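**Q** Just passing along the structure, written as structure tokens.
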Amino acid sequence: MKACGIEIQGSEAVIALLSLDQGLFEIPECRVRKFILRDDTEQAQIQKFQFDVAKLVEDYKIEKLIIKSRPQKGKFAGGAIGFKIEAALQLIDTVPVEFITSNEIKEQTKRNPVSIDFAVTGLKKFQQGAFESAYASMTAEIYNKD
């Protein structure tokens, strides 16, 4: 299983790849750390954003996109550009997309803590939320099987 965790921050979709093979998690090298939607008013820019992510999915044989959910209203609500990014990702027809809440991430990482310190993963600090989204989703899938 190979997944791509995504955390949306403003006009950026920060990503982290995570794969699971025979019970061992690996963080594959990736040519990008984030995708930026430069102009959300231009249809061509949204299509390019979507194409770039779809190409990454194809090139790295990603089997699932996991997006860290953001509230729709309130103090930490996501902005309009972020919701356009979510829609563009959901409309990629070659890969399933799932959302995971902060509470689900906390619950899964409490049940199944990451066995290494984040600093030694090789990922940048700003990718931590994306990594945790992928990790929590994958551990939930593994350990919540009946």
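**Q** Just wondering, is there one or more residues in the range 107-117 that are more than 13 Å from the chain's Cα centre (by Cα), part of a helix (DSSP H, G or I) and among the β-branched types (Val, Ile, Thr)? Before you say what the answer is, go through the steps one by one.
**A** Pass one, the range 107-117, residues more than 13 Å from the chain's Cα centre (by Cα): 107-117.
Imposing the further condition that a residue be part of a helix (DSSP H, G or I) reduces the set to 107-111.
Now narrow it down to the ones that are among the β-branched types (Val, Ile, Thr): 109.
The answer is yes; a qualifying residue exists.
**Q** Take the residues in the range 118-146 that are of a type in the set (D, E, K, R) and part of a helix (DSSP H, G or I); name whichever of them is modelled with the lowest pLDDT. Walk me through how you get there before you give the answer.
**A** Residues of the range 118-146 that are of a type in the set (D, E, K, R), as a first pass: 124-125, 132, 141, 145-146.
Filter once more, keeping what is part of a helix (DSSP H, G or I): 125, 132, 141.
On the way: Lys125: 97, Glu132: 97, Glu141: 88.
Looking at the filtered set, the residue picked out is Glu141.
**Q** Out of (1) loosely packed, with under 15 Cβ neighbours inside 10 Å; (2) in contact with a strand residue (DSSP E or B) (Cβ under 7 Å, 6 or more places away or on another chain), the odd one out for Ala119 is which?
**A** Answer for Ala119: the failing condition is (2).
**Q** Checking Gln108 against (1) within 20 Å of Val32 (Cβ to Cβ); (2) crowded, with 18+ Cβ neighbours inside 10 Å, which test does it fail?
**A** Single failed check for Gln108: (1).
**Q** Another question, then. Hey, does the range 19-29 have a residue that's surrounded by 18 or more Cβ atoms within 10 Å (Cβ to Cβ), acidic (Asp, Glu) and not in a helix (DSSP H, G or I)?
**A** There is no residue in the range 19-29 that is surrounded by 18 or more Cβ atoms within 10 Å (Cβ to Cβ), acidic (Asp, Glu) and not in a helix (DSSP H, G or I).
Residues checked against (1) in a strand (DSSP E or B); (2) out of contact with any strand residue (DSSP E or B) (no Cβ under 8 Å at 6 or more places or on another chain):
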site: Ile67; (1), (2): yes, no
site: Lys75; (1), (2): no, yes
site: Gly78; (1), (2): no, no
site: Gly82; (1), (2): no, no
site: Ala87; (1), (2): no, yes
site: Ile105; (1), (2): no, no
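**Q** Could I ask something else about it? Within the set of pairs 6+ apart or on separate chains, which have a first residue in the range 123-146 that is closer than 17 Å to Pro28 by Cα and among the polar types (S, T, N, Q), a second that is in a helix (DSSP H, G or I) and at pLDDT 95 or above, and C-beta atoms under 7 Å apart?
**A** If the second residue must be in a helix (DSSP H, G or I) and at pLDDT 95 or above, the pairs left are Ser133/Ile105.
**Q** Identify all residues within the range 1-18 that are surrounded by fewer than 18 Cβ atoms within 10 Å (Cβ to Cβ) and of a type in the set (A, V, I, L, M, F, W, C); write none if there are none.
**A** Of everything in the range 1-18, just one residue is surrounded by fewer than 18 Cβ atoms within 10 Å (Cβ to Cβ) and of a type in the set (A, V, I, L, M, F, W, C), namely Met1.
**Q** Sort out which residues of the range 89-99 are part of a loop (DSSP other than H, G, I, E, B) and among the aliphatic types (A, V, I, L, M), and write them in order of number.
**A** Selection gives Leu91, Ile92, Val95.
**Q** Restricting attention to the range 28-79, which residues are small (Gly, Ala, Ser) and in contact (Cβ under 8 Å) with a residue 40 or more places away in the chain? Explain how you work it out, then say what you get.
**A** Taking the range 28-79 as the starting set, the residues that turn out to be small (Gly, Ala, Ser) are 44, 54, 69, 74, 77-79.
If the condition is that a residue be small (Gly, Ala, Ser) and in contact (Cβ under 8 Å) with a residue 40 or more places away in the chain, then Ala54, Gly78, Gly79 are the ones that fit.
**Q** Right, here's the next one. When the residues of the range 30-79 are filtered to those that are closer than 27 Å to Glu104 by Cβ and basic (Lys, Arg), which remaining residue is surrounded by the fewest Cβ atoms within 10 Å (Cβ to Cβ)? It would help to see each step written out before you state the result.
**A** Filtering the range 30-79 for residues closer than 27 Å to Glu104 by Cβ gives 30, 32-37, 49-50, 53-54, 56-57, 60-79.
Keeping just the survivors that are basic (Lys, Arg) gives 33-34, 61, 64, 68, 70, 73, 75.
On the way: Arg33: 14, Lys34: 18, Lys61: 10, Lys64: 18, Lys68: 23, Arg70: 19, Lys73: 7, Lys75: 5.
Across the range 30-79, the extreme among qualifying residues is Lys75.
The values are calculated or read from the model by the stated rules, or taken from the named source; none is laboratory data. What you are looking at is a predicted structure, and each value in this text was computed from that prediction instead of being measured. Every residue, glycine as well, gets a Cβ built from its backbone with ideal geometry; the counts of neighbours run over all protein chains shown.
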